[in-house]
Amino acid sequence: MAQRYVRVKTAQGQTYYGLLQLTRSIQVLDAPPWLQGQPTDLELEPGSYQLLAPCAPSKIVAVGKNYIDHAAEMGTPVPQEPLLFLKPPTTVTSANQEIKFPPQSQRLDYEGELALVIGDRCVDCTPAEAQAKIWGYTIANDVTARDLQRKDGQWTRAKGFDTFCPLGPWIVRELSPGARLQTFLNDAAEPVQSTSIDRMVFPPEFLVSYISQVMTLLPGDVILTGTPKGVGPMQIGDRVRVEIEGIGHLENTVVTRSASVTM
Ligand code: MG
């Protein structure tokens, strides 16, 4: 099994990067692994920690319409070059946490996506250089208020609510180029989204290179690589699970967001 790199919070409120063991205990690292974090003597027992999103990005750069079949279902052509947008870092939430359905929207969609985690500062990289800057891979749900996206004409509000970027549960360093990405709702046996990640229009190293010619990518930053066809709505109470072969699965439940809730 591939090494699983996690970020956790203890009952005492301390945050650590670590390695998830088969026993589900955590071997704590002294820094993020992409900043050469080394194993320490500290081990956290199962039940003594909570999984956080596996990194804390300074920014999340997302790519729209990066699968031909999804662009078609949206009734739009595939962009000639990557279509970028940002999600604020406050959208990030972790596996098994709640997606909060905001009162401003009537239509919340899931978008299962492969997420890239940047390991090294990246400016004006070629695709070959960019490949070496991708430290690892995790799973994301690019939650979207579809009605607000259409209404606003640009995507900041629709993509930017708190909890709109479930991420995790861990990072792996290697991924098969043809890994399958699937999204499931509740207990349905059939996925609502299913693709091979090599069906992306612009592959990971091209995206990282392209973005690095616009903005500096920092260690821990996250790139969302786009969603395949099959996007659809989530209702209050739904459980949505995004799976990527070789990584695992990311599951979250949709709840009502009330104004008094602390995030
Ligand atoms: Mg998306």
_Out of everything in segment 199-238 that is polar (S, T, N, Q) and within 25 Å of residue 252 (Cα to Cα), what residue ends up being farthest from the ligand (Cβ to nearest atom)?_
235
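So that you can scan it fast, the table gives a plain yes or no per residue for (1) in a strand (DSSP E or B); (2) in contact (Cβ under 8 Å) with a residue 60 or more places away in the chain:
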position	(1), (2)
113	yes, yes
138	yes, yes
163	no, yes
167	yes, yes
190	no, no
194	yes, no
*asked:* Considering only segment 43-57, I want to know if a residue exists there that is crowded, with 21+ Cβ neighbours inside 10 Å and touching a Cys at 6+ places or on another chain (Cβ under 7 Å).
replied: no
*Just need a number here: residues in segment 5-19 that are in contact (Cβ under 8 Å) with a residue 24 or more places away in the chain and either surrounded by fewer than 20 Cβ atoms within 10 Å (Cβ to Cβ) or part of a loop (DSSP other than H, G, I, E, B) (or both).*
4
*Just name the residue that is nearest to the ligand (Cβ to nearest atom) out of those in segment 58-80 that are at pLDDT 95 or above and open to solvent by 10 Å² or more (accessible area, probe 1.4 Å).*
59
*In segment 81-96, what residues are open to solvent by 70 Å² or more (accessible area, probe 1.4 Å) and either in contact with a helix residue (DSSP H, G or I) (Cβ under 9 Å, 6 or more places away or on another chain) or more than 17 Å from residue 171 (Cα to Cα) (or both)?*
81, 86, 90
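Take residue 175 and decide whether it is in a strand (DSSP E or B) and touching a residue at least 12 places away in the same chain (Cβ under 8 Å).
Numbers: in a strand (DSSP E or B): no; touching a residue at least 12 places away in the same chain (Cβ under 8 Å): yes.
The answer is no for residue 175.
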*When the residues of segment 140-159 are filtered to those that are assigned to a helix (DSSP H, G or I) and polar (S, T, N, Q), which remaining residue is nearest to the ligand (Cβ to nearest atom)?*
149
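Go through 239, 199 for me and flag whichever is assigned by TED's automatic domain parsing to the domain that holds residue 120 and touching a Ser or Thr at 6+ places or on another chain (Cβ under 8 Å).
That would be 239, the only listed residue that is assigned by TED's automatic domain parsing to the domain that holds residue 120 and touching a Ser or Thr at 6+ places or on another chain (Cβ under 8 Å).
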*Pull up segment 230-262, narrow it to residues that are at pLDDT 95 or above and of a type in the set (D, E, K, R), then point me to the one that is most open to solvent (accessible area, probe 1.4 Å).*
245
*asked:* Is it the case, given these coordinates, that residue 133 is at pLDDT 95 or above and among the basic types (Lys, Arg)?
replied: yes
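Mind checking whether some residue in segment 42-57 is within 16 Å of the ligand (Cβ to nearest atom) and either outside the structural domain of residue 154 (by TED's automatic domain parsing) or under 30 Å from residue 206 (Cβ atoms) (or both)?
In the first step, residues of segment 42-57 are kept if they are within 16 Å of the ligand (Cβ to nearest atom); the result is 57.
Still in the running and either outside the structural domain of residue 154 (by TED's automatic domain parsing) or under 30 Å from residue 206 (Cβ atoms) (or both): 57.
Yes; the residues of segment 42-57 include at least one that is within 16 Å of the ligand (Cβ to nearest atom) and either outside the structural domain of residue 154 (by TED's automatic domain parsing) or under 30 Å from residue 206 (Cβ atoms) (or both).
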*asked:* Among (1) within 16 Å of the ligand (Cβ to nearest atom); (2) among the hydroxyl-bearing types (Ser, Thr, Tyr); (3) surrounded by fewer than 18 Cβ atoms within 10 Å (Cβ to Cβ), there is one condition residue 196 misses while meeting the rest; what is its number?
replied: (1)
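The values are calculated or read from the model by the stated rules, or taken from the named source; none is laboratory data. Keep in mind that what you see is a predicted model, and the values were worked out from it rather than measured. Counting neighbours? That spans all protein chains shown, and the Cβs are built from the backbone with ideal geometry, glycine included. Accessible surface is based on the protein model in full, side chains and every heavy atom, while ligands, DNA and RNA are left aside. Shrake-Rupley method; radii C 1.70, N 1.55, O 1.52, S 1.80 Å.
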